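Colleague: The structure's right below; bear with me while I get my questions together.
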Amino acid sequence: MASISLKKSYKCAQSLQQFYTGGPYAVGSDESFLVCACNDTIKIVDLSNASIKSTIEGDSEAVTALALSPNNNFLFSASHSRQIRVWDLSTLKCLRSWKGHEGPVMGMACDASGGLLATAGADRKVLVWDVDGGFCTHYFKGHKGVVTSIIFHPDPNRLLLFSGGDDGSVRVWDLMRKKCLSTLEKHQSAITSMAISEDGWTLLSAGRDKVVNLWNLHDYGCMTTIPMFESLEAVCIIGPESPFAASLASSTNPQTKKRSDVPAINFITVGERGLVRIWSADRALCLFEQKSSDITVSSDDEDSKRGFTSALILPASQELLCVTADQQFFLYYPEGSEGSLNLVLRKRFVGYNEEIADMKFLGDEEQFLAVSTSVEQVRVYDLTTMSCSYVLAGHTDVILCLDTCVSSSGRTLIVTGSKDNTVRLWDCQSKVCVGVGIGHMGAVGAVVFSKKQRNLFVSGSSDRTLKVWNFDLVPDNNEEVLTLKAKAVVAAHDKDINSLAVAPDGSLVCSGSQDRTACIWRLPDLVLVVTLKGHKRGIWSVEFSPVDQCVMTASGDKTIKIWAISDGSCLKTFEGHTSSVLRASFLTRGTQLVSCGADGLVKLWTIKTNECVATYDQHEDKIWALAVGKKTEMLATGGGDAVINLWHDSTASDEEEAFRKEEENVLKGQELENALIDADYTRAIQIAFELRRSHKLFDLFRELCRKGDAGDQIGKALKALAKEELHLLLEYVREWNTKPKSCHIAQLVLSRVFCILPKEILEIRGIAELLEGLTPYTQRHFNRLDGLERSTCLLDFTLTQMLVIEPEGNEGKLEDKDAKLSTAADSEQLSDIASMEQVQHHKELKEKSSSKKRKNKSKDVSTKKVNGGKLTRLIQL
């Protein structure tokens with residue numbers, strides 16, 4: 001039997017987060033990214049996999065308007081604070097901001113040149129701004145209500161601006177003459193969308209009065225009014241090169257009379273019904289209408305209807321992007337076949353997920369993930385693109401749990417349990433409900449398939465009962481929904497049932513409850529085998545070992561326990577979570593386990609040693625859902641933060657990376673030694689930085705300090721450093737500066753840094769914090785030097801007074817003085833000395849002085865011998 005390699009690390013490979021909460025959005029001209037409002041922040045989303053590329057923090061007010069420049073270099077935003085901001089998308093920095101409106105900005109548009117920005121406000125005004133200067137160039141007023149939409153004329157040679165308001169009027173503004181050319185009044189309700197034809201001489205306006213008006217821009221007259229029979233939110237004109245136009249040309253349409261005074265324009269409308277429709281303007285005819293809406297609703301109530309809120313045709317691919325009221329983005333592409341047009345939903349991005357309740361991998365290759373959130377539908381995600389492939393709708397209340405399996409006939413099935421007290425069986429291929437189980441008197445909180453028998457599943461409810469359901473009689477044609485019947489029922493616990501698990505051989509089922517016990521039952525008749533008691537809080541998760549006769553439970557008492565099925569004894573207990581453990585599952589053929597809890601942590605354990613191998617913190621709230629791929633052993637976690645994280649086993653890749661880094665370090669170390677031999681200190685310092693060897697770096701600087709041209713050598717090495725390396729050097733210097741033995745090297749390097757790179761220092765990120773760490777110790781070193789200097793001066797004065805430092809100079813002076821006196825006495829003996837008493841007195845003084853000299857000389861020699869060693873050591877210091 002091959003040895004089992006234990007997993008040591010997981011890496012979060014993909015993440016699906018909230019990126020849209022409704023409101024404004026903008027698509028890049030290259031269709032690579034999407035900019036949308038998420039509460040008070042702005043998210044930049046990659047359209048290929050719905051991952052968040054970057055986040056722009058706002059001003060704590062909800063974002064009300066967004067616009068992009070034509071070259072995608074700048075982003076314009078406005079919020080309820082009335083502040084208009086210009087962002088550089090390359091650096092995500094705010095270039096300038098200003099206030100101009102007296103109310104919130106409701107709409108924005110940038111002209112084709114990118115130099116002008118038009119804003120529509122709730123203060124009934126339309127303002128045009130110079131983007132580079134940030135000043136107002138045009139000030140228009142005339143609307144009697146909130147200005148809801150605004151667009152520039154697409155022809156840059158025609159400086160026209162169109163604005164629509166909730167007063168039902170469209171106004172045409174001439175930017176050259178700075179006045180209103182015309183007021184188009186035909187709507188009876190708010191204008192929601194406007195579009196201009198390819199030739200630039202026809203304007204389409206749509207509103208909530210359920211009509212579309214066509215306006216002639218030659219004389220600004222209304223050419224025709226087409227009834228839509230629904231409140232419209234967006235109108236888009238189909239260009240002649242669009243794939244929609246090609247599909248319409250190949251499809252057969254009813255022949256009706258055309259109007260010669262109306263241009264032959266085809267356009268798309270979306271609205272409250274959630275259907276995409278294509279119209280012909282000259283025939284006032286609907287050419288195409290979706291048979292059914294792709295927007296799922298929970299019930300037939302009028303309040304629960306969720307339609308489209310916006311739509312636009314992407315400039316490059318000419319696909320149709322529709323936005324729903326429940327924060328979803330639909331990408332449609334037309335297909336023409338057999339004389340009919342069909343819209344294919346190519347991608348569906350969910351911008352706002354509710355709290356994740358449960359999830360399971362789906363499919364043979366586990367390329368799909370079924371997710372239940374705090375809504376009435378199950379969303380199935382494609383893990384390659386992280387887009388929602390399809391939605392299963394049918395429950396009337398929140399779905400709490402789900403499980404997946406492949407039936408004996410090869411069908412991929414999903415079973416769900418909901419707060420509506422029912423369980424539903426779904427066929428993933430046909431995406432319909434094939435069976436409904438009714439019988440529980442409370443919310444169904446746990447469901448599980450029998451992977452061995454493949455013809456039954458078990459459900460547990462807050463009514464404290466277990467039910468076994470058989471779905472052998474479910475038809476393959478999916479023509480009708482079968483009512484499932486329970487084979488066995490048992491009152492299992494004293495409180496709500498939270499989790500269920502079926503043994504690998506399909507003979508046992510384990511239930512975990514809030515009554516702090518787990519019970520093992522025999523299938524299919526639900527006969528009690530053993531009760532597991534020992535937890536101090538409710539049990540949230542149970543699972544059978546894939547190889548041993550044991551079962552694992554996770555509880556609200558922060559522990560995980562493994563129990564023997566034979567006698568119900570506790571075999572092992574795992575402690576480490578700081579809050580309730582909500583999910584746990586076996587890994588690596590039963591030798592490891594993974595757990596997650598209310599503390600937002602994911603932990604990897606080795607069962608044999610009771611050791612927590614790794615801990616991961618990627619969630620900001622409770623982790624309610626944990627899915628483990630049986631083939632790939634890929635992990636998926638989701639919780640209260642509405643974030644879905646996908647984890648891949650990175651043990652092998654991490655080991656390879658560690659080996660590669662070790663090999664590189666060996667080669668770099670050899671290169672460092674070669675640089676030292678060649679006395680190439682600049683290259684040696686560079687390699688030491690790459691290897692992050694601070695001690696070697698200190699040795700190099702210390703070696704340079706011993707050179708005669710230390711300053712030039714250090715300066716040459718410092719000039720070769722990048723900003724990141726300079727920041728790292730200052731961190732090392734801060735550490736060296738705290739130690740008396742290395743502070744002189746630190747001060748020398750610091751002085752050269754300030755002398756050579758004064759401007760570069762100011763550009764270092766976090767320089768203030770580094771200087772705060774350097775200043776106190778530097779001040780301490782200088783204070784110590786000042787004290788030493790004062791002590792040296794006192795020592796000099798003391799030794800001088802003791803005739804230790806200058807004894808020879810004083811002796812010479814005395815001898816010179818005595819020689820002068822003796823010479824004077826000999827030369828002036830007859831002329832200057834008047835009496836013999838004076839001469840005699842002088843001779844006595846001379847004898848005393850000579851005897852005193854001999855004594856002092858002997859004392860000085862002995863003193864020099866005693867203090868000579870001390871002076872030598874002092875001079876060395």
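Colleague: What pairs come out if I take residues in the stretch 670-697 that are basic (Lys, Arg) and pair them with residues that are open to solvent by less than 80 Å² (accessible area, probe 1.4 Å) whose C-beta lies under 6 Å away, six or more apart or interchain?
Modeller: Matching pairs, first to second residue: ARG683/ALA675; LYS696/ALA688.
Colleague: Determine whether LYS661 is free of Cβ contacts under 8 Å to residues at least 60 places away in the same chain, assigned to a loop (DSSP other than H, G, I, E, B) and not β-branched (Val, Ile, Thr).
Modeller: Criteria not met by LYS661.
Colleague: In addition: Does GLY715 qualify as being over 30 Å from ALA679 (Cβ atoms), assigned to a helix (DSSP H, G or I) and either open to solvent by less than 50 Å² (accessible area, probe 1.4 Å) or of a type in the set (Phe, Trp, Tyr) (or both)?
Modeller: No, not satisfied.
Colleague: What is the one condition in (1) at pLDDT below 80; (2) part of a helix (DSSP H, G or I); (3) open to solvent by less than 100 Å² (accessible area, probe 1.4 Å) that VAL804 does not satisfy?
Modeller: It is condition (2) that VAL804 fails.
So that you can scan it fast, the table gives a plain yes or no per residue for (1) surrounded by fewer than 18 Cβ atoms within 10 Å (Cβ to Cβ); (2) under 23 Å from LEU314 (Cα atoms); (3) of a type outside the set (Lys, Arg); (4) at pLDDT 90 or above:
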{"position": "SER189", "(1), (2), (3), (4)": "yes, no, yes, yes"}
{"position": "GLY200", "(1), (2), (3), (4)": "yes, yes, yes, yes"}
{"position": "ALA206", "(1), (2), (3), (4)": "no, yes, yes, yes"}
{"position": "ASP219", "(1), (2), (3), (4)": "yes, no, yes, yes"}
{"position": "PHE229", "(1), (2), (3), (4)": "yes, no, yes, yes"}
{"position": "LEU232", "(1), (2), (3), (4)": "no, yes, yes, yes"}
{"position": "GLU241", "(1), (2), (3), (4)": "yes, yes, yes, no"}
{"position": "GLN255", "(1), (2), (3), (4)": "yes, no, yes, no"}
{"position": "CYS286", "(1), (2), (3), (4)": "yes, yes, yes, yes"}
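Colleague: State which residue is most open to solvent (accessible area, probe 1.4 Å) when the search covers only the stretch 208-217 and only residues that are within 15 Å of GLY164 (Cβ to Cβ) and in a strand (DSSP E or B).
Modeller: VAL211
Colleague: Restricting to the stretch 25-37, count the residues that are touching a residue at least 60 places away in the same chain (Cβ under 8 Å) and closer than 21 Å to TYR352 by Cβ. Before the answer, list the steps.
Modeller: Within the stretch 25-37, the subset touching a residue at least 60 places away in the same chain (Cβ under 8 Å) is 25, 27, 29-31, 34, 36.
In the following step, the residues that additionally are closer than 21 Å to TYR352 by Cβ were identified as 25, 27, 34, 36.
Looking only at that region, the number is 4.
Colleague: Quick one: in the stretch 257-275, which of the residues that are assigned to a strand (DSSP E or B) and in contact with an Asp or Glu (Cβ under 7 Å, 6 or more places away or on another chain) is nearest to ILE313 (Cα to Cα)?
Modeller: Pass one, the stretch 257-275, residues assigned to a strand (DSSP E or B): 266-271.
Restricting the remaining residues to those that are in contact with an Asp or Glu (Cβ under 7 Å, 6 or more places away or on another chain) gives 270-271.
Working: VAL270: 12, GLY271: 15 Å.
By that ranking, first place goes to VAL270.
Colleague: If you don't mind, there's one more thing I want to ask. Mind checking whether some residue in the stretch 442-463 is among the hydrophobic types (A, V, I, L, M, F, W, C), at pLDDT 95 or above and not in a strand (DSSP E or B)?
Modeller: Yes, that holds for at least one residue.
Colleague: Could you tell me which residue of the stretch 464-486 is surrounded by the most Cβ atoms within 10 Å (Cβ to Cβ), considering only residues that are aliphatic (A, V, I, L, M) and in a loop (DSSP other than H, G, I, E, B)?
Modeller: Taking the candidates together, the pick is VAL474.
Colleague: Does any residue in the stretch 603-621 that is within 14 Å of THR578 (Cβ to Cβ) and at pLDDT 95 or above come within less than 6 Å, Cβ to Cβ, of a residue that is open to solvent by 50 Å² or more (accessible area, probe 1.4 Å) and not in a loop (DSSP other than H, G, I, E, B) six or more places away or on a different chain, and which pairs are these?
Modeller: LYS603/THR615
Colleague: Go through the residues of the stretch 81-92 one by one and say whether even a single one is open to solvent by less than 40 Å² (accessible area, probe 1.4 Å), in a loop (DSSP other than H, G, I, E, B) and of a type in the set (Asp, Glu).
Modeller: Checked against the condition, which is being open to solvent by less than 40 Å² (accessible area, probe 1.4 Å), in a loop (DSSP other than H, G, I, E, B) and of a type in the set (Asp, Glu), the stretch 81-92 yields no hits at all.
Colleague: Only residues that are buried (at least 20 other Cβ atoms within 10 Å of the Cβ) and under 16 Å from ALA50 (Cβ atoms): list them for the stretch 2-16, please.
Modeller: Scanning the stretch 2-16 gives a single hit, LEU16.
Colleague: Of the residues LYS608, LYS630, LYS558, only one is closer than 22 Å to ALA370 by Cβ and open to solvent by 60 Å² or more (accessible area, probe 1.4 Å); which? Write out each step before concluding.
Modeller: On the way: LYS608 fails: closer than 22 Å to ALA370 by Cβ; LYS558 fails: closer than 22 Å to ALA370 by Cβ.
Criteria check complete, one pass: LYS630.
The values are calculated or read from the model by the stated rules, or taken from the named source; none is laboratory data. Every value quoted in this text rests on a predicted model; they were computed, and no experiment measured them. Neighbour counts are summed over all protein chains in view; Cβ atoms, including those assigned to glycine, are modelled from backbone coordinates with ideal geometry. Protein only, heavy atoms only, side chains kept; ligands, DNA and RNA dropped before computing areas. Shrake-Rupley method; radii C 1.70, N 1.55, O 1.52, S 1.80 Å.
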